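Chemist: Below: one structure in structure tokens.
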Amino acid sequence: MKRSANIDQILRPLKETPFQAYLSNAVQVADILEWILGQVGVSEVWQTSFSISEEFLRRLFFITQPTKSLGSAKNDKRISKFHLVLDHKATNKTLKLWAFITQVIERTYLADNHSKILLVKSERGDTVSVITSQNLTRGNRHESAFISTDKTIFDRLHEQVNDLITNHSVPLHDLFRDRIAAD
């Protein structure tokens, strides 16, 4: 997010607004994820995108790192599991980032995918769906998104993303292993 931008000037709290949208060059997907996690707590995350960049991975690395709670010696993890689906056409770029991806994201899959969806399900059952125009890259272009806390929307998108993962994708670690064996 641009340093001068405040996400609260662009979006309303999830509890107040079950459906909202924006068009802005001041908000990145990582900002939205961080904003959601700040409201719903520890969550499982599903993310689809055409491609991913090192800059986005750096942001995600810091978002996924455990944080120390005030007055607590234990580290609190904000993301319990992270599932990522990227497009086959971006494989060469994705493989160059493989070492970093494996440090940040537990499960990465490649499929014929151009969707940009973020699904968040908190441990206490809160669900948030985000459909955005932005890839997992950094840019100062105007991007749009629709954000919903409607469980029906989440359930439908979650079902479809899981079908994409289960029936139409290849786990990235398998592709990487095969590429190393071929070299």
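Chemist: Where does the charge balance sit around H158 when Lys and Arg score +1, Asp and Glu -1, over other residues with C-beta under 14 Å from its C-beta?
Modeler: Once positives and negatives cancel, what remains is -2.
Chemist: So, one more: Need the list of aspartates and glutamates near K77 for cross-linking: C-alpha distance under 18 angstrom, and skip anything on the same chain fewer than eight residues off.
Modeler: D31, E34, E44, E106, E123, D126
Chemist: While we're looking at this one, here's another question. Residues of the chain: accessible area per residue at 1.4 Å, in Å²?
Modeler: Value returned for the chain: 53 Å² of accessible area per residue.
Chemist: Let me have the 222 nm mean residue ellipticity of the chain computed from DSSP H runs of 4+ only, each contributing -39500 (n - 2.57), with the sum over all residues rounded to the nearest 500.
Modeler: Computed mean residue ellipticity for the chain: -11000 deg cm²/dmol.
Chemist: If you add up the charges near L23, with Lys and Arg at +1 and Asp and Glu at -1, over every other residue whose beta carbon is less than 14 angstrom from its beta carbon, what do you get?
Modeler: 0
Chemist: If Lys and Arg each add +1 and Asp and Glu each add -1, what is the summed charge of the other residues whose beta carbon sits under 9 Å from the beta carbon of Q134?
Modeler: It works out to a net charge of +1.
Chemist: I've got another one for you. I'm spelling it out carefully: the read-out is semi-axes √(5λ) of the Cα gyration tensor in Å, the candidates are (i) 35, 19, 15; (ii) 26, 19, 17; (iii) 25, 20, 14, and one was derived from this structure. Which label?
Modeler: (ii)
Chemist: A follow-up question, please. Given the chain, what percent of its DSSP beta bridges are antiparallel, to the nearest 5?
Modeler: Antiparallel bridges make up about 70 percent of those DSSP assigns within the chain.
Chemist: Evaluate the relative contact order of the chain (contact order divided by residue number), counting alpha-carbon pairs under 8 angstrom at least 6 apart; express in whole percent. Please report the intermediate quantities before stating the final value.
Modeler: Details: 314 pairs, mean separation 49.9, N = 183.
Result for the chain is 27 percent.
Chemist: Express the carbon and sulfur contribution to the solvent-accessible surface of the chain as a percent, rounded to the nearest whole number, probe 1.4 angstrom.
Modeler: C and S fraction of accessible area: 51 percent.
The values are calculated or read from the model by the stated rules, or taken from the named source; none is laboratory data. Note that the structure is predicted; figures quoted are calculated from it, not measured. All Cβ positions, even for glycine, are placed from backbone atoms using ideal geometry, and neighbour counts span all protein chains on display. Only protein heavy atoms, including side chains, enter the accessible area calculation; ligands, DNA and RNA are left aside. Shrake-Rupley method; radii C 1.70, N 1.55, O 1.52, S 1.80 Å.
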